[in-house]
Amino acid sequence: MFLEALGSVILGLAVAWLAMHRLSHRLPARRLVLSTGAAGGLFGAFLTNSALSGNLLLTLIGAATVATASVSLLLRPAGRLRRHSATV
């Protein structure tokens with residue numbers, strides 16, 4: 001169980017690092033992205049392990065999925081936002 005948790009945190013950090021490397025201009029501070037990836041990986045492993053009762057491969061896939069979803073919530077729009085008034 002300890003190795004699953006450690007593996008999921010490392011996997012979450014890898015997902016966050018890859019996102020920082022590819023999309024650094026659209027993400028907030030590095031510390032926030034890395035901690036979100038690690039927490040998402042750990043929560044994903046807990047959730048998947050609870051639902052599927054202990055399959056290591058599926059637990060790590062669930063950890064990577066939740067870590068990716070968590071980091072994707074931090075993305076900002078690429079361009080400037082256009083504000084349109086509802087009355088115009």
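The values are calculated or read from the model by the stated rules, or taken from the named source; none is laboratory data. The structure presented is a predicted model; accordingly, all values stated were derived computationally and were not measured. We place every Cβ from the backbone using ideal geometry, glycine too, and count neighbours over all the protein chains shown. To get the accessible areas, we keep the full protein, side chains included, count just its heavy atoms, and leave off ligands, DNA and RNA. Shrake-Rupley method; radii C 1.70, N 1.55, O 1.52, S 1.80 Å.
Annotations for the structure displayed:
- Checking each residue in the stretch 1-18 for being part of a helix (DSSP H, G or I) and exposed (fewer than 13 other Cβ atoms within 10 Å of the Cβ) picks out 2, 3, 6.
- Identity of the residue in the stretch 37-53, part of a helix (DSSP H, G or I) and of a type in the set (Ser, Thr, Tyr), that ends up most open to solvent (accessible area, probe 1.4 Å): 50
Results for (1) over 14 Å from the mean Cα position of the chain (by Cα); (2) outside any helix (DSSP H, G or I); (3) without any contact (Cβ under 8 Å) to a residue 40 or more places away in the chain, shown as yes or no for each residue.
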{"position": "32", "(1), (2), (3)": "no, no, no"}
{"position": "35", "(1), (2), (3)": "no, no, yes"}
{"position": "60", "(1), (2), (3)": "no, no, no"}
{"position": "67", "(1), (2), (3)": "no, no, no"}
{"position": "74", "(1), (2), (3)": "no, yes, no"}
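- Count - residues of the stretch 19-30 that are without any contact (Cβ under 8 Å) to a residue 12 or more places away in the chain, open to solvent by less than 80 Å² (accessible area, probe 1.4 Å) and assigned to a helix (DSSP H, G or I): 1
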